[in-house]
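The values are calculated or read from the model by the stated rules, or taken from the named source; none is laboratory data. Fair warning: this is a prediction, and the values are worked out from it, not measured in the lab. Methodologically, a virtual Cβ is constructed for each residue, glycine included, from the backbone with ideal geometry; neighbour enumeration extends over all protein chains shown. Calculation scope for accessible area: heavy atoms of the full protein, side chains included, ligands and nucleic acids excluded. Shrake-Rupley method; radii C 1.70, N 1.55, O 1.52, S 1.80 Å.
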Amino acid sequence: MNVDIKKSASHRRRTKIIATLGPGTDDAAIMEKLIRAGVDVFRLNMSHGSQSEHEKRVELVREAAHRAKWQVALLVDLQGPKIRVEKFENDGVLLSSGDHFTLDADDPFTPGDRTRVGVSYSRLPGDVSPGDILLLDDGLISMQVQSIEGGRVHCLVDNGGMLRNRKGINLQGGGLSVSGLAEHDLPHIKLAARMGADYVAVSFVSCADEIHRARALLREAGSEAALVAKIERVEAVANLEEICDATDAIMVARGDLGVEIGDEELPGLQKRIIRTAIKHNRIVATATQMMQSMVENPVPTRAEVLDVANAVLDGTDAVMLSAETAVGKHPVKVIESMNRICLGAERHFESEGNIRQLNVRFERIDQAIAMAAMFMATNVAVKAIVALTESGSTAQWLSRVQSSVPIYAFSTNPASRRRMAMFRDVFPVKQDSASEDADVVIGEALRTLLAHGAVAENDRIIVTMGDRMRNSGGTNSLRFIKLDVDGCARYGV
């Protein structure tokens with residue numbers, strides 16, 4: 001199966017789209033429409049659904065991607081140790097400003113009422129002090145800690161509202177001593193490995209050690225999936241550099257992060273996180289409520305349009321949808337809308353004119369080759385970059401430089417092609433030739449691009465490759481060529 005490189009305007013988009021699976025995507029026809037509309041990565045949220053539901057959705061994704069002939073990655077998002085209230089006797093209570101309310105870690109299982117509710121996080125009483133502000137249900141409800149009695153945290157409601165079962169609790173300013181991996185994540189890591197996940201996201205990361213532990217567990221389960229560190233805690237912001245060094249990708253998870261740091265700090269911090277991730281050569285996705293109104297409405301608000309566009313202009317690799325596709329009424333329309341917004345923003349995206357300003361750190365030969373290719377691309381008129389890559393790492397290094405030149409990454413490895421589906425500016429293509437002759441492989445790649453209209457006669461093209469084909473991490477050479485009408489290359493012109 002080869003990929004139709006110029007198949008539609010949606011897939012000429014450089015920024016990638018992540019869509020969350022759920023009841024709204026369970027129809028096979030809808031799934032295929034989502035892929036054709038522009039989904040590059042499907043997210044499986046392990047906070048919701050059973051194992052059988054997860055497995056059925058993954059099978060649906062693989063079948064639809066095969067029919068659509070498109071590379072689609074799978075991201076398994078671990079639930080993590082999110083602190084939540086437990087269940088109420090009547091599914092929820094209406095709290096008013098001035099009410100006294102107790103969060104009870106001593107008795108998490110007795111159903112809650114208007115005066116108390118259980119909390120499964122036993123260390124909550126030790127993590128808070130009188131005067132602290134607790135934010136519930138993504139900050140919609142707030143209450144101040146008045147006193148602590150054993151395992152009971154007595155609070156005074158500041159901003160009230162309807163508090164329902166299993167809603168989250170955050171401490172304003174951060175400071176809850178939870179680890180990024182919870183006990184219930186361990187079987188989900190094994191499930192992710194069995195399902196062939198391309199990415200696994202670790203929730204509520206606070207330090208690099210949590211990423212190292214997750215990677216060890218994932219490898220032990222037999223998976224080579226890339227790790228995504230979700231930045232949603234104050235502690236993660238403080239340790240951002242070390243987390244970037246430890247992980248493969250970063251997600252700006254704006255929901256819990258905004259609750260902890262305050263909404264007014266979020267826009268500037270989003271830009272900082274994206275810049276830091278790119279500096280560390282990491283993939284970065286921006287998430288949470290990007291098109292939230294489209295859960296109900298068929299068109300986005302102007303504020304949502306600007307939110308998505310600004311993330312694109314910031315340089316994010318991917319923008320993510322959650323409830324909008326998982327349970328929304330218009331899953332296909334929301335993908336079509338996000339696709340149009342990304343394309344519109346990309347027309348105004350400024351390429352990086354001076355590669356010396358990038359602070360890119362060379363740690364491997366393939367990184368140096370990639371940076372040399374991008375230096376040429378930013379200083380010479382080039383139509384395309386062709387990366388002959390087994391692992392996809394060269395394509396990743398290439399994509400860290402802001403450029404208007406598309407990167408066509410040819411690989412024989414289907415897992416690498418799926419993983420590259422989340423790289424900005426990168427279009428993964430199946431390499432059919434098993435030849436060890438570099439000239440044969442280059443010729444096939446150029447003819448493929450020519451046949452699909454991605455390049456034309458006399459176009460200049462940069463090719464990165466290794467001396468030995470199909471050798472992972474072996475990219476060590478670069479060619480600058482001009483294309484003949486029959487797909488033959490003229491070198492050094």
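Backbone phi angles across region 281-286, fed through the Karplus curve with coefficients 6.51, -1.76 and 1.60 (θ = phi - 60°), yield HN-Hα couplings of 6, 9, 6, 9, 10, 10 Hz in residue order; Gly and Pro are listed as x. With a Förster radius of 60 Å applied to the C-beta separation of residue 209 and residue 456, the computed FRET efficiency comes to 0.70.
Were the residues from residue 144 through residue 158 laid out at 0.36 nm apart, the gain over their Cα-Cα distance would be 4.4 nm. Spin-label model, residue 66 to residue 368: label points 7 Å out along the Cα-to-beta-carbon direction sit 4.4 nm apart. As a rough guide to protection, the peptides 310-317, 242-249, 38-45, 117-124 ranked by mean Cβ packing within 10 Å, highest first, stand as 38-45, 310-317, 242-249, 117-124. Computed about its Cα centre, the charge dipole of the chain is approximately 1620 debye, with only Lys, Arg, Asp and Glu carrying charge at their Cβ.
Within the chain, DSSP assigns beta bridges of which about 45% are antiparallel (rounded to the nearest 5). Assign one of three labels to region 45-137, namely rounded, prolate or oblate, based on the Cα gyration tensor with a ≥ b ≥ c the square roots of its eigenvalues; rounded applies when a/c is under 1.5, prolate when it is not and a/b is larger than b/c, and oblate otherwise. Cα axes put region 45-137 in the prolate bin.
If I take R0 = 51 Å and measure r between the Cβ atoms of residue 477 and residue 186 in this structure, what FRET efficiency does the formula 1/(1 + (r/R0)^6) give, to the nearest 0.05?
Once the sixth-power term is evaluated, E becomes 0.75.
Taking the protein heavy atoms of the chain in the context of the full set of protein chains, the accessible area attributed to carbon and sulfur is 48 percent at 1.4 Å. With a ≥ b ≥ c the root eigenvalues of the C-alpha gyration tensor of region 182-302, is it rounded (a/c under 1.5), prolate (a/b larger than b/c) or oblate? Oblate shape, in that a/c is at least 1.5 and b/c is the bigger or equal ratio. As a rough guide to protection, the peptides 162-174, 263-275 ranked by mean Cβ packing within 10 Å, highest first, stand as 162-174, 263-275.
Within region 406-440, which residues have the backbone N less than 18 Å from the label spot 7 Å out from residue 375 along Cα→beta-carbon, could you tell me? Counting backbone N atoms under 18 Å from the label point, the list is empty. Against the chain, whose longest principal axis comes from its Cα atoms, helix 185-195 is set at around 30 degrees.
From the alpha carbon centroid of region 380-395 to that of region 199-229 is 28 Å. Between the beta carbons of residue 91 and residue 179, assuming R0 = 30 Å, the FRET efficiency works out to 0.50 to the nearest 0.05. Projecting the Cα atoms of 429, 250, 34 onto the charge dipole of the chain (Cβ charges, centred on the Cα centre) puts 429 farthest toward the positive pole.
Taking every lysine pair in region 1-125 that is 8 or more places apart or spans two chains, those with Cα atoms closer than 25 Å amount to 12. Couplings 3J(HN,Hα) of region 243-249, computed from phi: 5, 4, 5, 7, 9, 9, 8 Hz, in residue order, whole Hz [Karplus 6.51 cos²θ - 1.76 cosθ + 1.60, θ = phi - 60°; x for Gly and Pro]. The charge dipole of region 194-347, taken about its Cα centre with unit charges on the Cβ of Lys, Arg, Asp and Glu (plus for the first two, minus for the last two), comes to roughly 420 debye. Shape of region 422-462 from its Cα gyration tensor (a ≥ b ≥ c, root eigenvalues): rounded if a/c is under 1.5, otherwise prolate when a/b > b/c, or oblate? Oblate is the answer for region 422-462, as a/c is 1.5 or above yet b/c matches or exceeds a/b. Residues whose amide H falls under 5 Å from that of residue 466, counting only those 5 or more places apart or on a different chain, are 476, with hydrogens built in the peptide plane. When only alpha carbons are used to place a centre, region 416-448 and region 22-56 end up 27 Å from one another. Remark: the residue 302-residue 51 segment gains 86.6 nm on full extension, using 0.36 nm per residue and subtracting the alpha carbon distance.
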